[in-house]
Amino acid sequence: METKIRQIIRQCKLGNIGSFATLVTHYGGRVSGIIYHMIGYSSNTDDLAQEVFIKAYRNLTHFRETAKFSTWLYRITVNTVYDYLRKQKVRTTIPLDKTGPLPVPETITTGAQKAELKQLLNRELQKLPLKYRTVLILKEFEGFSYKEIADVLHCRIGTVESRLFRARNSLLDKIKKTNWWRDYQ
Amino acid sequence: MLNRYLDHILAPGEEVNLQEHIRICPQCRNRLREIEQLQELLGTETAYEPNPFLWTRVKAGLQEPNSVPGLFPLPVIIKAWVPLAILIILLAIFTLSRIPGVENQSLYHKPQSMETTIMQIPGTPENLERITINLLVYGNGMPGKTLDIFN
């Protein structure tokens, strides 16, 4: 697949925009997923995904073919989200339908418990410091390995471990205090 | 260590040791279970469905000017050095033109023609002659020079 990707990139560098469609189709899901989880389910996900791919195409001349395209693309994705959040000056983004107090149903079923706990989890996730949240999202939601995360974020594997450890602990400490967690046990 | 164990990045020896420790340590056992449950919750998160028209949007954005990479694009480092190189060359030309002895038509005056008139000055005992030489100088609008020689 990497060989095919490189061939497509060479064609794109020669001005063949149509070839880029293959890359957008192949990586669009993952790029959108990363953005979606990092900015907290905002409706701006599609706008940012579009911006990521436009940036990638415009900077293809700077992409060294010895590197992995996916790593480079995901790095652009993360940096684009960072820029977006900086401009928004938003540390947490909670959708309107998730800002209210957790409803307490009359009868608590296992499914309802899990759903409410997930809602709380997502809310707390958005409150994590950005560098911890990024690592957690890449690991738990996107299934990146430690090495892949380190390559995308341009840091050491030890740093990834440390941030992931703190992110998990922080989330656990928050949700363990809730009744939902106790009932979930 | 528990995180590394769950992510399967421990060395085989370390893994065995940790498993043995978890077996006898209830605190670590509980913590491990909690992290596993957290991972389970996070793992059940619904995957985001990308916009099916993402390529259409990207293509529309790329249609704008300066979106297409050049056929023979110059690396950024070369583009940055080009204006600087031009500036250095201009500076060198200007500096060299100031060095004395360097032939430069704008500073070296070559008379293109010469007009000579000789007039006798009346009333002078030695019949002095006034010789006027007009040098018409070329270049840069420099005025001519008039030399008066009394002979």
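The values are calculated or read from the model by the stated rules, or taken from the named source; none is laboratory data. Quick caveat: nothing in here was measured; it's all calculated off a predicted structure. Using ideal geometry, Cβ is built from the backbone for each residue, glycine included, and neighbour counts are taken over all protein chains shown. Protein only, heavy atoms only, side chains kept; ligands, DNA and RNA dropped before computing areas. Shrake-Rupley method; radii C 1.70, N 1.55, O 1.52, S 1.80 Å.
Does residue B:10 qualify as being touching a Lys or Arg at 6+ places or on another chain (Cβ under 6 Å) and within 19 Å of residue A:164 (Cα to Cα)? So that I can check it myself, show each step before the final result.
Details: touching a Lys or Arg at 6+ places or on another chain (Cβ under 6 Å): yes; within 19 Å of residue A:164 (Cα to Cα): yes.
Considered against the rule, which asks whether it is touching a Lys or Arg at 6+ places or on another chain (Cβ under 6 Å) and within 19 Å of residue A:164 (Cα to Cα), residue B:10 comes out as yes.
Report, by residue number, each residue of segment A:139-172 that is of a type in the set (Lys, Arg) and touching a residue at least 24 places away in the same chain (Cβ under 8 Å).
A:139, A:163, A:166, A:168
Quick test of your reading of the structure: residue A:166 fulfils all but one of (1) surrounded by fewer than 20 Cβ atoms within 10 Å (Cβ to Cβ); (2) at pLDDT below 90. Name the failing condition by number.
Of the numbered conditions (1) surrounded by fewer than 20 Cβ atoms within 10 Å (Cβ to Cβ); (2) at pLDDT below 90, the odd one out for residue A:166 is (2).
Which of the residues that make up segment A:151-176 are away from every other protein chain (no Cβ under 12 Å) and either closer than 23 Å to residue A:42 by Cα or not charged (D, E, K, R) (or both)?
A:152, A:153, A:154, A:155, A:159
Identify the residue in segment A:1-33 that is at the interface with another protein chain (Cβ under 9 Å from one of its Cβ atoms) and among the aliphatic types (A, V, I, L, M) and, among all such residues, is surrounded by the fewest Cβ atoms within 10 Å (Cβ to Cβ).
A:14
Would it be correct to say that residue A:55 is among the basic types (Lys, Arg) and at pLDDT 90 or above?
yes
Test residue A:39 against the criterion of being within 20 Å of residue B:55 (Cα to Cα) and open to solvent by less than 60 Å² (accessible area, probe 1.4 Å), and give yes or no.
Judged against the criteria, residue A:39 is not a match.
Taking the stated definitions as given, is residue A:57 facing chain B (nearest Cβ under 8 Å) and aromatic (Phe, Trp, Tyr)?
Numbers: facing chain B (nearest Cβ under 8 Å): yes; aromatic (Phe, Trp, Tyr): yes.
Considered against the rule, which asks whether it is facing chain B (nearest Cβ under 8 Å) and aromatic (Phe, Trp, Tyr), residue A:57 comes out as yes.
Evaluate the following for residue B:69: is it modelled with pLDDT of 75 or more, in contact with a Gly (Cβ under 8 Å, 6 or more places away or on another chain), closer than 26 Å to residue A:25 by Cβ and not in a helix (DSSP H, G or I)?
Values: modelled with pLDDT of 75 or more: no; in contact with a Gly (Cβ under 8 Å, 6 or more places away or on another chain): yes; closer than 26 Å to residue A:25 by Cβ: yes; not in a helix (DSSP H, G or I): yes.
Answer is no for this residue.
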